[in-house]
Amino acid sequence: MSKIIIIGAGGVGNVVSHKCAKLPKIFTDIVLASRTLSKCEAIAKDVFSKTGVSIKIAAIDADDVAATTKLLRAESPQLLINVALPYQDLSLMDACLNAGVNYLDTANYEPPEEAKFEYKWQWAYQDRFKDAGLTALLGSGFDPGVTNVFCAYAQKHLFDQIETIDILDANTGDHGYHFATNFNPEINIREITAKGRYWEEGLWKEVEPMSIHQVYNFPVVGKQDAYLLYHEEMESLCKNIPGLKRIRFWMTFSQKYLSHLKVLENVGMTSINPINIKGQKIQPIEFLKAVLPDPASLGPRTRGKTCIGCDIAGTMSGEKKRVIIYNSCDHEECYQEVSSQAISYTTGVPAMIGAQMILRGLWRHSGVWNMEQFDPDPFMTELTQHGLPWQVTELPLE
Ligand code: NDP
């Protein structure tokens, strides 16, 4: 039915490739392109051994709009799935417009020289995608992504009025290293060392990094230390959930992880300001990335579970109500299925489902969209069928 091109052969690209290959009636032709061809080769080989499906591969620098446009024109896919890095979002959107290809990503644009991620740059493409009759679906990972869809589902089926949303992301996985990040270290550390922010009564409130903490009792994984962070899905949800009073995002970290991060920060290793070493300008965080374990290598070593969900409070039929909608994934089970740990898995599966929504015509409107702007029901059905089953549990009122 449809040809797709996946850009980025990292942990998430691996999962998207495996999951799309399992649905050959929808994804009839798959091209995987990335900066390092050998990484595409390794994924294509593993996909073939697990599914018997052949994936075409190509080398591409996605920062090069002309080269990417040429590749897209040569392959003419219906959809580009961007699972490279947030720095490539705008150049890939430009290439899609040039070549008339629909677009999907899992993380919003971030300028490389400034640790600041915001939707404004991608929302500015609204008219161009609309005029071209193309769909751009932003943030089709887990958070953002599934968390946005959980909120849309709550809005449609569980509440007359949503008042507060707390998005909670727990990972109890242990990979046995002293310190490693579960996805791209540069993106991960930039996110955590930035100031915390949440939205309340129409205003953004900024706090020092990791300065607000709670012990949250998660389904499946129990009580965990959770820290307030800024996360991009809040920017669209505070606009798209009418009457919302407050939205916050929390992520769990072990004390061991935080101590290592503190030391790295204190000695300047997390900085994005380039320093001069032997005549070469290098960002300390780039160097740190090079010495840390590759997230893709954590798969076989990681044991434990994730639990990510939305704790939502509001009213239904005049009564106050609070629920959590969540998914829990097991790192080892994910690895067995697609040779990746659960963080890449929980991002790659929703990227594949978002792609299906566009290709099957269910979420196919011209323009630039966030996930909660579409009907959540078909997406929720696919989650259960493709490895991310979800539950809704009533919680006591606070
Ligand atoms: P990785 O670092 O493992 O993989 C990124 C891949 O992109 C690498 O193969 C890299 O190539 C490739 N790449 C980087 N720059 C370019 C370029 N200029 N041209 C072509 N390819 C390039 O990251 P992940 O797989 O962990 O993450 C992928 C994306 O998913 C990121 O944007 C991340 O922010 C997002 N994400 C979203 C989540 C969500 O829930 N929404 C959760 C986790 C991640 P090379 O190997 O040559 O460097």
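FYI, it's all coordinate maths here, none of it is from the lab. These figures come from a predicted structure and were not determined experimentally. Every residue, glycine among them, receives a Cβ derived from its backbone with ideal geometry; neighbour counts consider all protein chains shown.
Test of understanding: ordering Ile241, Ile272 by Cβ neighbours within 10 Å, fewest first, what list do you get? Before the final figure, lay out the partial values.
Values: Ile241 23, Ile272 16.
Least to most surrounded, the residues fall as Ile272, Ile241.
Please report, for the Cα atoms of region 311-354, the Rg to one decimal and the Dmax as a whole number; what are they, in angstrom?
Over region 311-354's Cα set, Rg and Dmax evaluate to 15.9, 48 Å.
When only C-alpha pairs under 8 Å and at least 6 residues apart count, what is the relative contact order of the chain, in percent? Before the final figure, lay out each step's value.
Details: 850 pairs, mean separation 80.2, N = 398.
Reported relative contact order: 20 percent.
How about region 130-212: which GluC sites (Glu not before Pro) there are in a DSSP loop, with at most 10 other Cβ atoms within 10 Å of their Cβ? It would help to have the intermediate numbers written out before the result.
On the way: sites: Glu163, Glu186, Glu191, Glu200, Glu201, Glu206; in loops: Glu201.
Counting only loop positions with at most 10 other Cβ atoms within 10 Å, the GluC sites (Glu not before Pro) in region 130-212 are Glu201.
Taking the Cβ of each residue in Ser254, Ser91, Ser317 as the centre, tally the other Cβ atoms inside 10 Å and list the residues starting with the fewest.
Details: Ser254 13, Ser91 21, Ser317 7.
In increasing order of surrounding Cβ atoms, one gets Ser317, Ser254, Ser91.
Hey, got the Cα dimensions of region 2-138 along the principal axes, in Å, largest first?
That gives 42, 32, 23 Å along the principal axes, largest extent first.
Keeping to pairs on different chains or 8 or more places apart, tell me how many lysine pairs in region 2-138 have Cα atoms under 18 Å apart.
19
Work out from phi, with θ = phi - 60° and the Karplus expression 6.51 cos²θ - 1.76 cosθ + 1.60, the ³J(HN,Hα) of each residue of region 337-343, listed in order in whole Hz, and give x for Gly and Pro.
6, 10, 6, 9, 6, 5, 5
Taking the Cβ of each residue in Thr164, Thr181 as the centre, tally the other Cβ atoms inside 10 Å and list the residues starting with the fewest. Could you put the intermediate results ahead of the total?
Numbers: Thr164 16, Thr181 22.
In increasing order of surrounding Cβ atoms, one gets Thr164, Thr181.
In the neighborhood of Trp250, defined by Cβ-to-Cβ distances under 10 Å, what is the net charge if each Lys or Arg adds +1 and each Asp or Glu adds -1?
Here the charged neighbours net out to -3.
Convert 37 °C to kelvin, take the viscosity as 0.692 mPa s, use the Kirkwood radius over C-alpha pairs of region 94-154 as Rh, and evaluate the Stokes-Einstein diffusion coefficient in µm²/s, rounded to a whole number.
Details: Rh = 12.8 Å.
The calculation lands on 257 µm²/s.
In whole Å and largest first, what semi-axes does the C-alpha gyration tensor of region 334-379 yield when each eigenvalue is scaled by 5 and square-rooted?
25, 10, 9
Which order do the peptides 59-72, 214-227, 367-380 take when ranked by the mean count of other beta-carbon atoms within 10 Å per residue, highest first? Don't skip to the end; give the middle numbers.
Details: 59-72: 18.0, 214-227: 15.9, 367-380: 20.6.
Descending packing order for the listed peptides: 367-380, 59-72, 214-227.
Report Rg (one decimal) and Dmax (nearest whole number) for region 265-398, counting Cα atoms only, units Å.
In order Rg, Dmax, the Cα atoms of region 265-398 give 20.6, 68 Å.
Return the sequence-ordered ³J(HN,Hα) values of region 131-136 in whole Hz as given by the Karplus equation 6.51 cos²θ - 1.76 cosθ + 1.60 applied to θ = phi - 60°, using x for Gly and Pro.
Values, residue by residue: 4, 7, x, 10, 9, 10 Hz.
Between Gln214 and Thr164, how many nm apart are label points set 7 Å from Cα along the C-beta direction?
Rounded to a tenth, the inter-label distance reads 0.6 nm.
Over all directions, the average projected area of the alpha-carbon convex hull for region 140-187 comes to how many nm²? Mind showing how you got there, number by number?
Working: hull surface 19.5 nm².
Approximately 4.9 nm², given one-decimal rounding.
Report, largest value first, the span of the C-alpha coordinates of the chain along each principal axis, in whole Å.
Here the spans come out as 56, 52, 40 Å, largest first.
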